[in-house]
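Laboratory data are not the source of any read-out in this text; all were calculated from the coordinates shown. If you're wondering where the values come from, they're calculated on a predicted model, not measured in any experiment. Because the Cβ atoms are built from the backbone with ideal geometry, glycine has one as well, and the counts that use them run over all protein chains shown.
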Amino acid sequence: MDVIGAPSDAEIVARVLGGDAEAFGFVIRRYEAGLLRFATRMLGSRDAAADAVAEGFMRAYRHLASCREPDRLRTWLYRIVTNRCKSHLARRSVGDVPLDEAPPVADPADGEAELERAEQLALVQRALTGLSPDKREAFVLKHVEGLSYEEMAAITGERIPTLKMRVHRAREALLKVLEDHT
Amino acid sequence: MNTIDPRIHQVLDGELPADALPAELRDATEAIRAAADLLAAPVPVRSLESRVMAEVHRPAPSLARRVTGWLATPHAITFRVRPVWSLAFAAAAAVLTLFYARDVGPQLGEHEGIAQFVGRFPDARSVHVVGTFNDWRPGTIALQDLDNDGVWTATVVLPAGTYEYMFVVDGERWVPDHLADRLVADDFGRENSVVIVRPVHR
């Protein structure tokens, strides 16, 4: 991501590797929103997502010198956070359902449309959590993060036909859940 | 699996223009897009910058501290062993156990032997063995069923000889052991079991 006047990813990486640790703050500010959203959708829990992304940033900082293509820093960060999410999912026991997966509590101050939207989001998140981690990852990268299959392949290390198949299966499973609730 | 029309996937993958889709398939496409829009909404969480930068500025732990931390942290250790080696290990363990058990077992006198009592009493709460070796006194030699499979056992060291015995189930029911070496009639018209204890050291 390059914004006019803002340093490019490659420039930030060079500054951090040159000893300017503060420059890593640019990386965090630039990518944390997207990574937190991705991790939240993967893990179904904002707290677990914050832990996974924080761990991911720390790992990225420590191993920044191994980032071979600094101008593709975003892809590299997503790969790290994806692995942190998989690690969290592997550690989580089968019966461990994150607390904030529960549907949002209705706030009388919210409008009816807002409440309906919150309920829909809870339904979709539950349906997403019901998918296998591989399918969930593929769907979120494709439809939530808006990545191309080529970018997804670079992040996950999977072949494009495999990713396409996972996205297709995820769509089919989600549609079934959504149809069952309408 | 709820397979959907492949054209829906083609539109969502950008391989087919949306207006090429028949009207009856557009709802599914819109449902997926709407779900993705909901999930794409920003997640309201506190920025991680201060948390991460605090870690960035923290001095790296010394080598000794890292080694200590590694040693103090639980690690899963996985062994990949061929089944043939598993069997070999099991056989070795069995042999060692036998040797060990022989070393620590009861020291038998020259004229003593071992009697093993086994009875199947699935619903029993307690089983004792009484006989000529304990003057038919209940409560002195208890059988055990450690795995709760209904099979009660006791191993007793006795002077070599021939003994009559019975089981006492739940402290009140006297039952002969039909698996005994033999059965003999007692003076009360019942049958007693007979066990022959042979000396271990000849």
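Dividing the helix sum by the residues of chain A, where each DSSP H run of 4 or more adds -39500 (n - 2.57), gives a mean residue ellipticity at 222 nm of -21500 deg cm²/dmol.
In chain A, one over the average inverse separation of all distinct C-alpha pairs is 17.8 Å, which is the Kirkwood hydrodynamic radius. With neighbour counts taken as other beta-carbon atoms within 10 Å, the residues A:Leu89, A:Leu35 rank, fewest first, as A:Leu89, A:Leu35. Summing Cβ point charges (Lys, Arg +1; Asp, Glu -1) relative to the Cα centre of the protein assembly as shown gives a dipole of roughly 1620 debye. Taking a ≥ b ≥ c as the square roots of the eigenvalues of the Cα gyration tensor of segment B:151-202, is the shape rounded (a/c under 1.5), prolate (a/b larger than b/c) or oblate? Judged from the Cα gyration tensor, segment B:151-202 comes out oblate (a/c at least 1.5, b/c at or above a/b). Computed over chain B with a Gaussian network model linking Cα atoms closer than 10 Å, the most mobile of B:Trp152, B:Trp85, B:Trp70 is B:Trp70. Three principal axis extents describe the C-alpha atoms of the protein assembly as shown; from largest down they are 108, 61, 48 Å. Spacing of the modelled spin labels on B:Leu16 and B:Thr155, each 7 Å from Cα toward Cβ, amounts to 7.5 nm.
Around B:Asp145, what is the net charge, scoring Lys/Arg as +1 and Asp/Glu as -1 over all other residues with Cβ under 12 Å from its Cβ? Residues close to B:Asp145 contribute a combined charge of -1.
Between B:Ala93, B:Ala35, B:Ala60, the GNM of chain B built on Cα springs shorter than 10 angstrom shows B:Ala35 fluctuating the most.
Potential lengthening of the chain between B:Ala185 and B:Ala92 amounts to 28.8 nm, from the contour at 0.36 nm per residue minus the alpha-carbon distance. The mean sequence separation of alpha-carbon pairs under 8 Å and at least six residues apart, normalised by the residue count of chain B, gives a relative contact order of 16 percent.
Each residue, A:His63 and A:Asp20, gets one label point 7 Å from its Cα in the Cβ direction; the gap between the two is 2.6 nm. According to the Kirkwood relation over distinct C-alpha pairs, the hydrodynamic radius of segment B:6-197 is 25.9 Å. As a proxy for reagent exposure, ranking B:Asp123, B:Asp37, B:Asp145, B:Asp181 by other Cβ atoms within 10 Å from fewest up yields B:Asp123, B:Asp181, B:Asp37, B:Asp145.
Remark: chain B carries a charge dipole of roughly 1120 debye about the Cα centre, counting +1 on each Lys and Arg Cβ and -1 on each Asp and Glu Cβ. Quick check: the distance between the Cα centres of segment B:145-188 and segment A:107-152, to the nearest angstrom? Segment B:145-188 and segment A:107-152 have Cα centres separated by 69 Å. A cut-off of 5 Å between modelled amide H atoms, ignoring neighbours fewer than 5 places along the same chain, links B:Val127 with B:Leu143, B:Asp170. When +1 charges are put on Lys and Arg Cβ atoms and -1 charges on Asp and Glu Cβ atoms, the dipole computed for chain A relative to its Cα centre reaches about 900 debye.
Close amide H contacts of B:Asn192 (hydrogens built in the peptide plane, cut-off under 5 Å, sequence separation of 5 or more or a different chain): B:Val184, B:Ala185, B:Asp186.
In terms of surrounding Cβ atoms within a 10 Å radius of their Cβ, B:Phe167, A:Phe57 rank from fewest to most as B:Phe167, A:Phe57. Projecting the Cα atoms of B:Thr155, B:Leu16, B:Pro59 onto the dipole axis of segment B:6-197, where Lys and Arg carry +1 and Asp and Glu carry -1 at the beta carbon, places B:Pro59 farthest toward the positive end.
Largest GNM mean-square fluctuation across B:Gly14, B:Gly113, B:Gly171, computed for chain B with C-alpha springs under 10 Å, falls on B:Gly14.
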